[in-house]
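Quick notes on the structure that follows.
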Amino acid sequence: MLILRGAMIDRPAGPCKAFKGGNQLVQGGNMSASDTVLSAFETGVLRLTLNRPDKLNAFNEEMHLALRAGFERAHSDDDVRAVLLTGAGRGFSAGQDLGDRDPHGGGTPNLGHTIETFYNPLLRLIRGLEKPVVCAVNGVAAGAGANIAFACDITLAARSARFIQAFAKIGLIPDSGGTWNLPRLVGEARAKALTLTAEPLDAETAASWGLIWRAVDDAALMDEAFALAARLAAGPTRGFGLTKRAIQAAATHSFDEQLDLERDLQREAGRSADYAEGVTAFLDKRKPEFKGR
Ligand code: LHQ
């Protein structure tokens, strides 16, 4: 499905068609048949839109593979300098499609296999991508949907959005990195209360607790999120990637180890073309033109 929307082109995500030089669509490769994730490229931003609105963008296998393909493209395509993840319709994502994982479907359920095959690779891709990932939570984010939003680098949410650790309602534990991220972001007391009660958390509170960056008016969400992603896409991508790596490494490092890592990554950043451009532009009293290298 191709939807022409102003200058943007939405298409199913996949390693199928390359977008080059702004909005031109270049055909080639194997076309993914899935329209469960729409992909649009503009000014360095790869926008990935979860697109099963009648199911509140719950994840089935097809949507997993399509989203993974989108993030893999973000890894390999140098033209992509930021990712914007959002959802179509009134929800961001209701987590796993429970119809797809019906325990009466035959055999003993092996949810560990589902996690290993679909969720963990996705979470590793998001965290491991050395480019900024902005998430615009346009509506309810439940279960894995909430924890995927919390795993992105900068998460904005519509004021009407809510986050639900829905796992407890169906006898599961939080996944998609939730048991790692939640206590780090909000502390153990709130992490336990959120996950054991499965009470919805509104966007304002999520922001005030440090789970997300900001709650914004519903009508302004997409413009604000895109403007932020575009600003980041015009930035020093290499430096951003190294910053992300350093901040994430801090969770498992001692202070001394982190100082050593900062030394090593700063050495690398200092060799980037964008560092040279940043300093030159400062001395020339002009705006830098970062190339992402
Ligand atoms: C859905 C879903 C959904 C299918 C709404 N599935 N259809 C990992 C590994 C393997 C297995 C298990 O899980 C995991 C990780 C997880 O993510 S576990 C957590 C799974 N998610 C949930 O338990 C949330 C279930 N959904 C809800 O509690 C509600 O739908 C929320 C609170 C998200 C939204 O409530 P409402 O705004 O009242 O909407 P609704 O319930 O009416 O949903 C709208 C439609 O979406 C409806 O379909 P219908 O045909 O009746 O209109 C729902 O059935 C469908 N839908 N979530 N996860």
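No value in this document is a laboratory result; all are computed from the given coordinates. Here the structure is a predicted model, which is why all the values come from computation and not from measurement. Neighbour counts are summed over all protein chains in view; Cβ atoms, including those assigned to glycine, are modelled from backbone coordinates with ideal geometry.
A few points about this structure:
- Local electrostatic count, residue 118, Cβ distance below 12 Å [Lys/Arg +1, Asp/Glu -1]: -3
- Database remark: amide H of residue 140 closer than 5 angstrom to the amide H of 92, 162 (H placed geometrically; neighbours at sequence offset of 5 or more, or on other chains; Pro and chain starts carry no H).
- Full extension of the segment from residue 260 to residue 189, taken as 0.36 nm per residue of separation minus the current Cα-Cα distance, would add 22.3 nm.
- Axis of helix 255-270 versus longest Cα principal axis of the chain: the two differ by about 50°, to the nearest ten degrees.
- Residue-wise HN-Hα couplings along the stretch 90-98, as the Karplus relation 6.51 cos²θ - 1.76 cosθ + 1.60 with θ = phi - 60° gives them from phi, are 8, x, 7, 6, 8, x, 4, 6, 6 Hz; Gly and Pro carry x.
- Antiparallel beta bridges, as assigned by DSSP with both residues in the chain, represent about 40 percent of the total such bridges.
- For the chain, a Gaussian network of Cα nodes joined below 10 Å ranks 111, 185, 156 by mean-square fluctuation, and the top entry is 111.
- Backbone HN-Hα couplings from phi across the stretch 170-177 [Karplus 6.51/-1.76/1.60, Hz, Gly and Pro as x]: 10, x, 10, 9, x, 10, 6, x
- Between residue 179 and residue 214, full extension at 0.36 nm per residue minus the direct alpha carbon distance yields a gain of 10.4 nm.
- Under a model in which nothing but the beta-carbon of Lys, Arg (+1) and Asp, Glu (-1) is charged, the stretch 36-180 shows a dipole of about 500 debye around its Cα centre.
- 0 to 90° range, to nearest 10: angle between helix 188-197 axis and the chain longest Cα axis: 40
- Our summary gives the stretch 136-208 a relative contact order of 36 percent, counting only alpha carbon pairs under 8 angstrom and 6 or more residues apart.
- Set of aspartates and glutamates with alpha-carbon distance to residue 285 below 18 Å, sequence-local pairs under 8 removed: 274, 277
- Residue of 253, 104, 75 that the Gaussian network model of the chain assigns the largest fluctuation, springs spanning Cα pairs under 10 Å: 104
- Gaussian network model of the chain, Cα within-10 Å springs - most flexible of 40, 234, 74: 234
- Amide proton proximity set for residue 96, modelled H, under 5 Å, gap of 5+: 59, 144, 145
- Against the main long axis of the alpha-carbon atoms of the chain, helix 237-249 sits at an angle near 50°.
- When the listed pairs 55/169; 55/244; 169/192; 131/169; 131/291 are checked against a 25 Å cut-off, the alpha-carbon distance exceeds it for 55/244; 131/169.
- Every helix of 4 or more DSSP H residues in the chain counts as -39500 (n - 2.57), and over all residues that averages to -12000 deg cm²/dmol at 222 nm.
- Positive-end residue, the chain charge dipole about Cα centroid, Cβ charges, pick of 281, 155, 194: 281
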